[in-house]
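Working notes for the structure below.
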Amino acid sequence: MERLLRYSTEHERVIRLMLMTEDGALSQVNARVVRFDAETVDFITTRSPRTVTVPRKDILAIDFRKGDDGQVL
């Protein structure tokens with residue numbers, strides 16, 4: 001998880017995050033991470049560009065966005 005958060009932040013690439021919302025529902029979002037620390041992650045969503053801050057414990061999984069193989073030139 002740490003590696004993909006760093007990848008998105010350092011290379012300004014969009015990744016896919018699977019989140020648990022406050023009401024207990026699952027949510028999948030494509031976003032670019034702008035900042036993260038041990039407690040929180042700040043990201044900008046691609047669907048409706050806005051900055052969102054979520055507790056790191058609410059992120060269940062992170063993956064490359066469809067079509068991104070993680071290659072940085």
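The values are calculated or read from the model by the stated rules, or taken from the named source; none is laboratory data. Computed from a predicted model, the values in this text were never measured in an experiment. Glycine also receives a Cβ, built like all others from the backbone with ideal geometry; neighbour counts cover every protein chain displayed. In case anyone asks, the SASA skips ligands and DNA or RNA and just uses the protein heavy atoms, side chains included. Shrake-Rupley method; radii C 1.70, N 1.55, O 1.52, S 1.80 Å.
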With (1) out of contact with any strand residue (DSSP E or B) (no Cβ under 8 Å at 6 or more places or on another chain); (2) at pLDDT 95 or above as the list, and Arg35 as the residue in question, which single condition is left unmet? (1)
I want to confirm something. Restricting to region 1-12 and keeping residues that are in a helix (DSSP H, G or I) and among the acidic types (Asp, Glu), which single residue is surrounded by the fewest Cβ atoms within 10 Å (Cβ to Cβ)? Glu2
Please list, ordered by first then second residue, the pairs with beta carbon atoms under 7 Å, 6 or more apart or interchain, first in region 13-27 and open to solvent by 40 Å² or more (accessible area, probe 1.4 Å), second among the acidic types (Asp, Glu). Arg13/Asp68; Arg16/Asp63; Met20/Asp58
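Of all residues being within 14 Å of Arg13 (Cα to Cα) and surrounded by 11 or more Cβ atoms within 10 Å (Cβ to Cβ) in region 45-73, which is modelled with the lowest pLDDT? Just the residue, please.
Going through region 45-73, the residues within 14 Å of Arg13 (Cα to Cα) turn out to be 45-46, 62-73.
If we keep only those that are surrounded by 11 or more Cβ atoms within 10 Å (Cβ to Cβ) too, we end up with 45-46, 62-65, 68, 70.
Numbers: Thr45: 95, Thr46: 94, Ile62: 96, Asp63: 95, Phe64: 92, Arg65: 84, Asp68: 79, Gly70: 75.
Applying the filter and picking the extreme gives Gly70.
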Cβ-Cβ distance below 9 Å, separation of 6 or more or different chains: which pairs start in region 45-72 with a residue that is within 11 Å of Asn30 (Cα to Cα) and part of a strand (DSSP E or B) and end on one that is of a type in the set (S, T, N, Q) and open to solvent by less than 90 Å² (accessible area, probe 1.4 Å)? Thr45/Asn30; Ile62/Ser8
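Suppose we filter region 33-44 for residues that are open to solvent by 70 Å² or more (accessible area, probe 1.4 Å) and assigned to a strand (DSSP E or B); how many remain?
Start the filter on region 33-44 by keeping residues that are open to solvent by 70 Å² or more (accessible area, probe 1.4 Å), which leaves 35, 38-39.
Okay, now just the ones that are also assigned to a strand (DSSP E or B), so 35.
Number satisfying all stated conditions: 1.
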